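Engineer: One structure is given below, represented as structure tokens, and several questions about it will come after.
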Amino acid sequence: MNLPDDKALSANEGIKVRSNYLRGTILDGLADPVTGAISADDGQLTKFHGTYQQDDRDLRQERLSQKLEPLYSFMIRVRVPGGICSPAQWLEMDRLAQSHANSTLRLTTRQAFQFHGVYKSNLRDCIKQINDTGMDTIAACGDVNRNVMCNVNPEQSHLHQEVYSWACKISEHLTPQTGAYDEIWLGAEPKEPVEAEEPIYGKTYLPRKFKMAVAIPPSNDVDLYSNDLGLIAIEEAGELAGFNVVVGGGFGRTHAEPETYPRLGNLIGFCTPQQVVEVAEKVVCVQRDYGDRSNRKHARLKYTIDDRGIDWFTAELENYLGWKLQPAREFSFNNTSDHYGWQQGVDGNWFYTLFIENGRVADREHYPLMTGLRQIAQIHQGDFRLTPNQNLCIGQVKPEAKAAINHLLEKYQILNVEKLSATRKASMACVAFPTCALAMAESERYLPTLIDKLDGVMADAGLADDPIMIRMTGCPNGCGRPYLGEIGLVGKSPGHYQLWLGASVNGDRLSRLEHESVNEEQILNILTPLIQQYAEERKSGEPFGDFVVRSRSLYQFEI
Ligand code: SRM
Ligand code: SF4
């Protein structure tokens, strides 16, 4: 374990050591009827099991004034490697959202499901029932390898299937082995913990969260460079030749602490499909052994690499592997967006990708999205694919079943992709208020209103059909990947955001901070002339982010 002599371990390291492989006193805390909460230490441990204690921040002040404890509830994150689930699993997620949570489902930026508003008394039963569906929640959060993302590439489905199966193998290989999960949530008999319980992680797990994604060029929908480990599938002569290896991406930062920053990963080489699970394991092991366990704000792989250098990292990885990576192979990405509407895959099956605003599946007035998707799941024989852009792809629809699915999309008014502006369809917002404990400003609940206004600006500039990728988060942690938005808005305080501009549309260039704190009026005052200028001066096919970078020296962002 890497720990400079003069530094103490961070508090979380002690919690992990004392936890007996993530058991802690979680079971006792769940059984305590006096409070809706669990202890602070157990709250750190339940993250590894895929659940976070939260409270309703809209009600916090009111409850405080009534001398009531906050309205505690739990968020549960369900792991869905590669984002693919069956219609039966979708129906179960829907049912549990109604019976145990707040009647909505959240499709996350990492292709997982989230439930919000699960009370402590329902938590065990809910997680048990999630497991009954064949999905689980272990390692959906915590200092371990998280949900492994994979491209949702309908038109390339022959390669998708193979690449997806590698993503699943990596996910399985790096899933924590502790018996704590089965004991706490599934009622398994307690076992005496032994050292071998976590052969890869050991009892202190990783210094910090760890994220992996697999992409199939030319699509970079997974935002590969933002992951600790990215694997780029290389196709040669119609076959999967192997994977380029990218390390050290990550976005978390803290306002006014420049030593924290978003970083894109470095391309360090290539491995064959048969080597890829070992590569993933050893990248994790190098970070396990060298990551900074004294400071959680400096504990991600990106800092290990920046502190020691990418050449050091590659050499150490090869040392752990006992063999060398091959030189990286040629590839190119052209976009990070989803392909909306109906697409036919190479096997003749159909895929409908539907825009889900900020990933929230709910029934709203005149927009019964949740009900419509339930009806579709009841007749659908293919799969559902949660996209990394918080959208949903109804996958593997047989040609003879397409008309029936289309009929339901129309009946429930969710055939939405033709009606919405290109910029709305390229937008994404993190959860933020009222559930996220770290939110400083609104995100999911506000972005749609801002886009209503920006739609007007875009239409006036004659750009109604041109997308500008806009991403918003309620704080600098970057859960909606705003640093890869052509326009990124990062919550600073209620109603105020940092404005970041200029990321590339294929996810290989970060945006740059242009304004520290702007409100809606200022955002519109800055963006309106810029968008008009873009409409008048852009080169043919030039995306907004590229235009911003090219013309940075030509304009001033006057408020
Ligand atoms: Fe995230 C923490 C939601 C993707 C970086 N994230 C949180 C928590 C759990 C807040 C907390 O710690 O109390 C949020 C729960 C809010 C809620 O009420 O649901 C939260 N993160 C999300 C989701 C649901 C946003 C969404 O709208 O979809 C995404 C769930 C993904 C999943 O299924 O696993 C989500 N989070 C991301 C991403 C994007 C990605 O991974 O592609 C990032 C940036 C990439 C990265 O990790 O560097 C991200 N989340 C963070 C961080 C900053 C980490 C860091 O290195 O500093 C935190 C805070 C932390 O870990 O201390 C955080
Ligand atoms: Fe919460 Fe911040 Fe993540 Fe948004 S970016 S979900 S506000 S931690």
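Engineer: Among the residues of region 114-134, is any of a type in the set (Ser, Thr, Tyr) and closer than 22 Å to Gly480 by Cβ?
Structural biologist: Among the residues of region 114-134, not one is of a type in the set (Ser, Thr, Tyr) and closer than 22 Å to Gly480 by Cβ, which makes the answer no.
Engineer: Right, next: Cβ-Cβ distance below 9 Å, separation of 6 or more or different chains: which pairs start in region 207-218 with a residue that is closer than 10 Å to Val148 by Cα and within 16 Å of ligand 2 (Cβ to nearest atom) and end on one that is open to solvent by less than 30 Å² (accessible area, probe 1.4 Å) and of a type in the set (Val, Ile, Thr)?
Structural biologist: Once the first residue is closer than 10 Å to Val148 by Cα and within 16 Å of ligand 2 (Cβ to nearest atom) and sits in region 207-218, its partners that are open to solvent by less than 30 Å² (accessible area, probe 1.4 Å) and of a type in the set (Val, Ile, Thr) give Lys211/Val148.
Engineer: Please determine whether any residue of region 157-174 is in a loop (DSSP other than H, G, I, E, B), touching a strand residue (DSSP E or B) at 6+ places or on another chain (Cβ under 8 Å) and at pLDDT 95 or above.
Structural biologist: Checking region 157-174: at least one residue is in a loop (DSSP other than H, G, I, E, B), touching a strand residue (DSSP E or B) at 6+ places or on another chain (Cβ under 8 Å) and at pLDDT 95 or above.
Engineer: Also, quick follow-up: Please specify each residue of region 250-259 satisfying the condition of being at negative phi and more than 13 Å from the chain's Cα centre (by Cα).
Structural biologist: Arg253, Thr254, His255, Glu257, Pro258, Glu259
Engineer: Right, here's the next one. Need pairs with beta-carbon distance below 6 Å; first residue closer than 18 Å to Thr260 by Cβ and free of Cβ contacts under 8 Å to residues at least 12 places away in the same chain and within region 468-494, second charged (D, E, K, R) and surrounded by fewer than 24 Cβ atoms within 10 Å (Cβ to Cβ); sequence gap 6+ or separate chains.
Structural biologist: Cβ pairs passing all conditions: none.
Engineer: Moving to a separate point now. Which number in (1) surrounded by fewer than 23 Cβ atoms within 10 Å (Cβ to Cβ); (2) within 16 Å of ligand 2 (Cβ to nearest atom); (3) of a type in the set (Ser, Thr, Tyr) marks the one condition that Ser165 misses?
Structural biologist: Every listed condition holds for Ser165 apart from (2).
Engineer: How many residues, within region 260-279, are over 23 Å from the mean Cα position of the chain (by Cα) and within 16 Å of ligand 2 (Cβ to nearest atom)?
Structural biologist: Residues of region 260-279 that are over 23 Å from the mean Cα position of the chain (by Cα), as a first pass: 268-275, 278.
Within this subset, residues satisfying the condition of being within 16 Å of ligand 2 (Cβ to nearest atom) are none.
Selection size over region 260-279: 0.
Engineer: Condition first: assigned to a helix (DSSP H, G or I), crowded, with 17+ Cβ neighbours inside 10 Å and within 16 Å of ligand 2 (Cβ to nearest atom). Now tell me which residues in region 290-307 satisfy that.
Structural biologist: Arg296
Engineer: Tally time: how many residues in region 427-482 are at negative phi, more than 9 Å from ligand 2 (Cβ to nearest atom), in a loop (DSSP other than H, G, I, E, B) and in contact with a helix residue (DSSP H, G or I) (Cβ under 8 Å, 6 or more places away or on another chain)?
Structural biologist: 8
Engineer: Across region 257-281, what is the number of residues that are in contact (Cβ under 8 Å) with a residue 60 or more places away in the chain and open to solvent by 50 Å² or more (accessible area, probe 1.4 Å)?
Structural biologist: The qualifying residues number 1.
Engineer: Taking region 423-438, which residues are away from ligand 1 (no atom under 14 Å from the Cβ) and either of a type in the set (D, E, K, R) or open to solvent by 30 Å² or more (accessible area, probe 1.4 Å) (or both)?
Structural biologist: Arg424, Lys425
Engineer: What is the residue count in region 189-210 for residues that are open to solvent by less than 40 Å² (accessible area, probe 1.4 Å) and of a type outside the set (Val, Ile, Thr)?
Structural biologist: Qualifying residue count, region 189-210: 9.
Engineer: Please identify the pairs in which a residue from region 52-66 that is touching a residue at least 12 places away in the same chain (Cβ under 8 Å) has its Cβ atom under 8 Å from the Cβ atom of a residue that is of a type in the set (Lys, Arg) and open to solvent by less than 90 Å² (accessible area, probe 1.4 Å), counting only partners at least 6 apart or on another chain.
Structural biologist: Tyr52/Arg77
Engineer: It is to be established whether one or more residues within region 488-498 are farther than 19 Å from Glu542 by Cα, more than 13 Å from ligand 2 (Cβ to nearest atom) and surrounded by fewer than 16 Cβ atoms within 10 Å (Cβ to Cβ).
Structural biologist: yes
Engineer: Starting from residues that are of a type in the set (S, T, N, Q) and buried (at least 21 other Cβ atoms within 10 Å of the Cβ), keep the ones in region 139-156 and report whichever is modelled with the highest pLDDT.
Structural biologist: Among them, the one singled out is Asn145.
Engineer: When you go through (1) under 23 Å from Leu105 (Cβ atoms); (2) touching a helix residue (DSSP H, G or I) at 6+ places or on another chain (Cβ under 9 Å); (3) at pLDDT 95 or above one by one for Ile414, which number turns out not to apply?
Structural biologist: (3)
Engineer: Please indicate, with yes or no, whether at least one residue in region 208-222 is more than 21 Å from Leu386 (Cα to Cα) and at pLDDT 95 or above. Give the derivation first.
Structural biologist: Let us first name the residues in region 208-222 that are more than 21 Å from Leu386 (Cα to Cα), namely 208-209.
Filter again for at pLDDT 95 or above, leaving 208-209.
Yes, region 208-222 has at least one match.
Engineer: Conditions first: (1) under 26 Å from the mean Cα position of the chain (by Cα); (2) open to solvent by 40 Å² or more (accessible area, probe 1.4 Å); (3) away from ligand 1 (no atom under 16 Å from the Cβ). Pro543 passes all but one, so which condition is the exception?
Structural biologist: With (1) under 26 Å from the mean Cα position of the chain (by Cα); (2) open to solvent by 40 Å² or more (accessible area, probe 1.4 Å); (3) away from ligand 1 (no atom under 16 Å from the Cβ) applied to Pro543, the lone miss is (2).
The rows are residues; the columns are (1) in a loop (DSSP other than H, G, I, E, B); (2) within 30 Å of Leu159 (Cβ to Cβ); (3) touching a Phe, Trp or Tyr at 6+ places or on another chain (Cβ under 6 Å).
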site: Ile15; (1), (2), (3): no, no, no
site: Asp28; (1), (2), (3): no, no, no
site: Ile38; (1), (2), (3): yes, no, no
site: Asp42; (1), (2), (3): no, no, no
site: Tyr52; (1), (2), (3): no, no, no
site: Asp58; (1), (2), (3): yes, no, no
site: Leu68; (1), (2), (3): yes, no, no
site: Arg77; (1), (2), (3): no, yes, no
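Engineer: Additional query: Look at Gln287 and say whether it is surrounded by fewer than 16 Cβ atoms within 10 Å (Cβ to Cβ), among the polar types (S, T, N, Q) and part of a helix (DSSP H, G or I).
Structural biologist: No: the conditions fail for Gln287.
Engineer: Test Ala441 against the stated conditions and say whether it is surrounded by fewer than 20 Cβ atoms within 10 Å (Cβ to Cβ) and touching a residue at least 40 places away in the same chain (Cβ under 8 Å). Explain how you work it out, then say what you get.
Structural biologist: Working: surrounded by fewer than 20 Cβ atoms within 10 Å (Cβ to Cβ): no; touching a residue at least 40 places away in the same chain (Cβ under 8 Å): yes.
So Ala441 fails the test.
Here is a yes/no grid of residues against (1) at pLDDT 95 or above; (2) under 27 Å from the mean Cα position of the chain (by Cα); (3) open to solvent by less than 10 Å² (accessible area, probe 1.4 Å):
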site: Asp311; (1), (2), (3): yes, no, no
site: Asn319; (1), (2), (3): yes, no, no
site: Trp323; (1), (2), (3): yes, no, no
site: Gln344; (1), (2), (3): no, yes, no
site: Glu357; (1), (2), (3): yes, yes, no
site: Arg374; (1), (2), (3): yes, yes, no
site: His380; (1), (2), (3): yes, yes, no
site: Asp383; (1), (2), (3): yes, yes, no
site: Leu392; (1), (2), (3): yes, yes, yes
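Engineer: Let me ask something else. Checking the conditions here, which among Ala139, Ala196 is in a loop (DSSP other than H, G, I, E, B), more than 16 Å from ligand 2 (Cβ to nearest atom) and out of contact with any Asp or Glu (no Cβ under 9 Å at 6 or more places or on another chain)?
Structural biologist: On the way: Ala196 fails: in a loop (DSSP other than H, G, I, E, B).
Within the list Ala139, Ala196, the selection yields Ala139.
Engineer: Among the numbered conditions (1) assigned to a loop (DSSP other than H, G, I, E, B); (2) touching a Cys at 6+ places or on another chain (Cβ under 8 Å), tell me where Tyr320 comes up short.
Structural biologist: (1)
Engineer: If only one of Arg550, Arg538, Arg512 is touching a strand residue (DSSP E or B) at 6+ places or on another chain (Cβ under 8 Å), away from ligand 2 (no atom under 16 Å from the Cβ) and open to solvent by 10 Å² or more (accessible area, probe 1.4 Å), which one is it?
Structural biologist: It is Arg512.
The values are calculated or read from the model by the stated rules, or taken from the named source; none is laboratory data. For clarity, every value in this text was computed on a predicted model and none was experimentally measured. Heads up, the Cβs are rebuilt from the backbone with ideal geometry, glycines too, and the neighbour counts pull from every protein chain shown. With ligands, DNA and RNA removed, areas are computed over all heavy atoms of the protein, side chains included. Shrake-Rupley method; radii C 1.70, N 1.55, O 1.52, S 1.80 Å.
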